Structures are given as structure tokens and as C-alpha cells.
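The next block holds one structure in the form of C-alpha cells; read it before the comments.
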Amino acid sequence: MSIKRYFKIAKNEAEHSDCLRRHIGAIIVKDGIVVGRGANRVSEKVISCSKKGWCIRNVMNIPRGKGYDICNSVHAEINAIISVSNSLLKDSTMYLVGYDAVTGKSVENLDCCENCKASIVKAGIKIVYIRQSDDQYLKVFVKDWNCTN
């Protein structure tokens, strides 16, 4: 399967997001097979921002990349990782896509937060493809990440 096809699957996963700001989707691929999926969303026992109709980060005017500690959402990368058995994570590949929940435009310069990076490293994922725009992506070799967590 092509990178473009994997990004399309990740974007479809992002449609399950319940975030009012960004819809992020992640898939994990091992030996050409999609083995894990995740979207940024809250756990089943928490009322999502989309159900409440407001986002605390929007109310507090917190910029992108900040204030994750006050958000109840679990990131797409983490949801994808926890959906896969540990034996399938080693040397797998992750594809990450994001788009604005209001405009539907791709999130430019998308990146993983430090906590997600640390979880990806610990999981043994080898490569992460991050869509940067509709036509561009970043290929990251996880071994090159210098995680502080």
C-alpha cells in the first residue's frame, strides 16, 4: 500500500475525534497491515468537548501545542498504541494526520508532543510519517528523536 493510502486511512480515523480544535488520526502498520488505530478523543467515561459544546483551551485562549495538562483528550498516537499488542509494535510504522475541526484544512507543521514521542519510542515504533500539508509529509526515524521524558 502507498503512503498516500495510509494517510487516507489515518484521516478517516481522525473523523472519530471529539475535539473541537483539531481532528488527529493515527494508524500503526506492521508488515503492510494496519494493526492499530487512534483518534484524539476522551475516554468513554468523560464528557467530550463536542458534547459540552465548548473547549477549555479555547475558552482560556491557549495556543496550539500548549495546555495539554488541562485537556481531557487522549492523543491519537496514544490511542493507536494502546490498541495494539506489544509484540506488533516493535519495528512498526505510524502514520499521523491532522486537520482543523472548523475549516477542515490540514494542520500544517503537525508534530507529536513530547509525551507522545516518549510513548512512541518506548513502544518500539521505528518510523513515523507525519502529514505536513495535503501534499507533503515528514518521515521521522524514531531513533533520532531526543526525548526529554
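The values are calculated or read from the model by the stated rules, or taken from the named source; none is laboratory data. What you see is a predicted model, and the numbers here were worked out from it, not measured in a lab. No Cβ is skipped: glycine too gets one built from the backbone with ideal geometry, and neighbour counts run over all protein chains shown. Areas reflect the complete protein model, heavy atoms only, side chains present, ligands, DNA and RNA absent. Shrake-Rupley method; radii C 1.70, N 1.55, O 1.52, S 1.80 Å.
Here are some notes:
- Residue pairs meeting the criteria (Cβ under 9 Å; at least 6 apart or on separate chains; first at positive phi, in the stretch 52-71; second outside any helix (DSSP H, G or I) and open to solvent by 100 Å² or more (accessible area, probe 1.4 Å)): 67/60
- Restricting the stretch 121-140 to residues that are out of contact with any strand residue (DSSP E or B) (no Cβ under 6 Å at 6 or more places or on another chain) and surrounded by fewer than 19 Cβ atoms within 10 Å (Cβ to Cβ) leaves a set whose member that is modelled with the lowest pLDDT is 135.
- Members of the stretch 74-114 found to be surrounded by 15 or more Cβ atoms within 10 Å (Cβ to Cβ) and assigned to a helix (DSSP H, G or I), listed by number: 76, 77, 78, 79, 80, 81, 88, 89
- Checked against (1) among the polar types (S, T, N, Q); (2) in contact with a Gly (Cβ under 9 Å, 6 or more places away or on another chain); (3) closer than 21 Å to residue 113 by Cβ, residue 12 passes all but condition (3).
- Residue 117 being more than 20 Å from residue 13 (Cα to Cα) and either among the basic types (Lys, Arg) or over 17 Å from the mean Cα position of the chain (by Cα) (or both): no
- Pair list, Cβ under 8 Å, 6 or more apart: the stretch 19-32 residue modelled with pLDDT under 95, other residue of a type in the set (Ser, Thr, Tyr): 19/48; 19/50; 19/73; 20/50; 22/99
- Residues that are within 30 Å of residue 91 (Cβ to Cβ), open to solvent by 40 Å² or more (accessible area, probe 1.4 Å) and either hydrophobic (A, V, I, L, M, F, W, C) or outside any strand (DSSP E or B) (or both), drawn from the stretch 8-25: 8, 11, 12, 15, 16
- Test: residue in the stretch 93-100 that is at pLDDT below 90 and either more than 14 Å from the chain's Cα centre (by Cα) or of a type in the set (D, E, K, R) (or both): no
- The residues of the stretch 26-65 that are part of a helix (DSSP H, G or I) and of a type in the set (A, V, I, L, M), listed by number, are 56, 59.
- Hits in the stretch 57-73 - residues which are modelled with pLDDT under 90 and open to solvent by 50 Å² or more (accessible area, probe 1.4 Å): 58, 63, 64, 66, 68, 69, 70, 72
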